[in-house]
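A short write-up of the structure that comes next.
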Amino acid sequence: MRSGQYNAANDRCILAVYLLQVALANFRVQLSVHLPPHKLFTLVYNVCLEAQRLCRQQPVSGLTVFADGSGRTGKAAIVWQDKGKWESMVVLTEGSPQVVELQAIIEVFRKWDKEPVNIVSDSQYVVGVVCRLERAYLKHIDNELLFVKFRQLLQLLNFRKHTYYIRHIMSHTSLLGFLTQGNAIADQLAAPAWQTPVPDQFRQAQLSHEFFHQSAKVLAKQFNLPVTEAKLITSTCADCQQLAATPIPTVNPRGFEALQLWQTDITHIPEFGKLKYIHVSVDTWSHAVWASVHVGETSRHVQCHFREAFAVLGIPHKIKTDNGPAYISQSTRQFFSKWGISHVTGILHSPTGQAIIERTHLTLKNMLAKQKGGTQGETPANRIAKVLYVMNHLSLTGNYLWKYDRKNPIFGLTRESIFLNEKIVFYSDSIGKSVIGMMKSPQQPSV
């Protein structure tokens, strides 16, 4: 203290201490402060000595710990990284969110009391308290539980001998980095499972497109997004930008109802190795697709493909193919006759009469290329199955968004169109005949 500070302290004692006032009541002398005439004591007049604060304004050389708490669950969580692996500790406590967050900070100072530490918290309240509490005077407050936490924290800070640094971080940020990752882990440990934040519609559409790579129109209808936002998702997808649809200058003979006319053809995918022969059938009215992988393209493999397609889509009235040997063989003709199917072929050595199946080949190959990054290690059959799910369940043709109807197991794939708050539904009855119906709601069809 300086000389003036000594005199001021002396005056305060005389005014405040009752016993000193009584002792000096009849003592008629003048009081003053005199220090011994030594160089060390004369230094006191010019130098003010104060204890150095351990709280630093810049990060210290030490471990980085993330602290968070939730008043709903009473979980105080701390997270840190040890040798590249995330470690954590969760302590249960009762009280308000502020009490739980203070408990997390208390656990940090208890665990790392003999080394410097950096603390990251998404609570501005906690960061402000820790920055101001060191060597502060704590008065009593009405909230007893909060006062106990303040007193515990103050005691830990006053007896601490190593420096520390604490900073605030914004919660639920989409920025990348070590701090964001650690804070997100602490949030997940403190928050209840049912309260985990759900991505918004745009983010859900992004996640869906990363897995299925459906078109912008499907995303817009599926997630109720503006077309501009849906196009933004597809235009920023690196896998989709590598492939562009090429127009096929051919004709499109179609059926007028489901199961009336199919087009069938075989395409090759060399990366599948021995299973490179992909047999594909498409319903020309509903655009329902079935594809299967085979080791060849003989009549035996063609008939095997048709049996699988019949089991999934139903039995068509007519199938159109090219003039390949497998389709015009005697065995295949007998197969069609046995199943009661009319078989027609296009112009000899010309694929222009099968535009729908050719376009289906292109769509299937493009979708395989888009989904290649997320299907590493999958078998060819599994990869084709994922593509078929997108083409049959997440496809949009005109105003029709195709969905699956579990109530109609014979035909399986039901095509629905929203028009004037009504649904036009095409399905199969018990004998496999195509039926057209109108319904106000999916539960009450009227045929």
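Taken together, the values in this text are just the output of simple stated rules run on the coordinates, not laboratory data. Computed from a predicted structure; not experimentally measured. All Cβ positions, glycine included, derive from the backbone under ideal geometry; neighbour counts span all protein chains shown.
So, in Å, what gap is there between the alpha-carbon centers of the stretch 119-150 and the stretch 289-307?
What the calculation gives is 73 Å, centre to centre.
For the modelled label position 7 Å from the Cα of Val344 along Cα-to-Cβ, which residues of the stretch 302-332 have backbone nitrogen atoms closer than 19 Å?
315-324, 327-329
Apply 1/(1 + (r/R0)^6) to the Cβ-Cβ distance of Glu271 and Thr298, taking R0 = 22 Å, and write down the FRET efficiency to the nearest 0.05.
0.50
To the nearest 20 Debye, how big is the dipole of the stretch 81-175 about its Cα centre, given +1 on the beta carbon of each Lys and Arg and -1 on that of each Asp and Glu?
In debye, rounded to 20, the stretch 81-175 gives about 400.
Of all DSSP beta bridges located in the stretch 261-394, what percent are antiparallel, nearest 5?
The answer is about 65 percent antiparallel.
Among Lys386, Lys372, rank each residue by its count of other Cβ atoms within 10 Å, from fewest to most, as a rough exposure measure.
Lys372, Lys386
Past 27 Å, Cα to Cα: identify those pairs from Lys320/Lys372; Lys83/Lys370; Lys276/Lys372; Lys320/Lys370, in the order given.
Lys320/Lys372; Lys83/Lys370; Lys320/Lys370, as the Cα separations exceed 27 Å there.
Quote to one decimal, in nm, the extra length available between Ser96 and Asp239 on full extension: 0.36 nm per residue of separation minus the C-alpha distance between them.
Going from the current span to full extension adds 46.7 nm.
For Lys231 and Ala369 in one chain, what is 0.36 nm times their gap in residues minus the Cα-Cα distance, to one decimal in nm?
47.7 nm
List, largest first, the extents of the alpha carbons of the stretch 201-243 along their principal axes, each in whole Å.
Over the stretch 201-243, Cα extents along the principal axes are 26, 18, 13 Å.
Can you work out the FRET efficiency for the pair Gln124 and Asn26, with r the C-beta to C-beta distance and R0 = 51 Å, to the nearest 0.05?
0.30
Counting only DSSP beta bridges with both residues in the stretch 63-190, what percent are antiparallel, rounded to the nearest 5?
The antiparallel fraction comes to roughly 60 percent.
Taking amide hydrogens as modeled 1.01 Å from N in the peptide plane, which residues meet the under 5 Å criterion relative to Val65, leaving out close sequence neighbours?
Excluding prolines and chain starts, which carry no amide H, the hits are Asn118, Ile119, Val120.
Note the full-extension length gain between Phe178 and Lys83 as 0.36 nm times their separation in residues minus their Cα-Cα distance, in nm to one decimal.
Contour length minus the Cα-Cα distance gives 32.8 nm.
Find the Rg to Rh ratio for the stretch 63-190, where Rh is the Kirkwood radius over alpha-carbon pairs and Rg uses the same atoms.
Radius of gyration relative to Kirkwood radius: 0.95.
Just rank Trp112, Trp80, Trp339, Trp262, fewest to most, by other beta-carbon atoms within 10 angstrom.
Fewest-to-most Cβ neighbours within 10 Å comes out as Trp339, Trp112, Trp80, Trp262.
Let me check the size of the stretch 261-394 from its C-alpha atoms; what are the radius of gyration and Dmax in Å?
Rg and Dmax of the stretch 261-394, Cα atoms, are 14.3, 43 Å.
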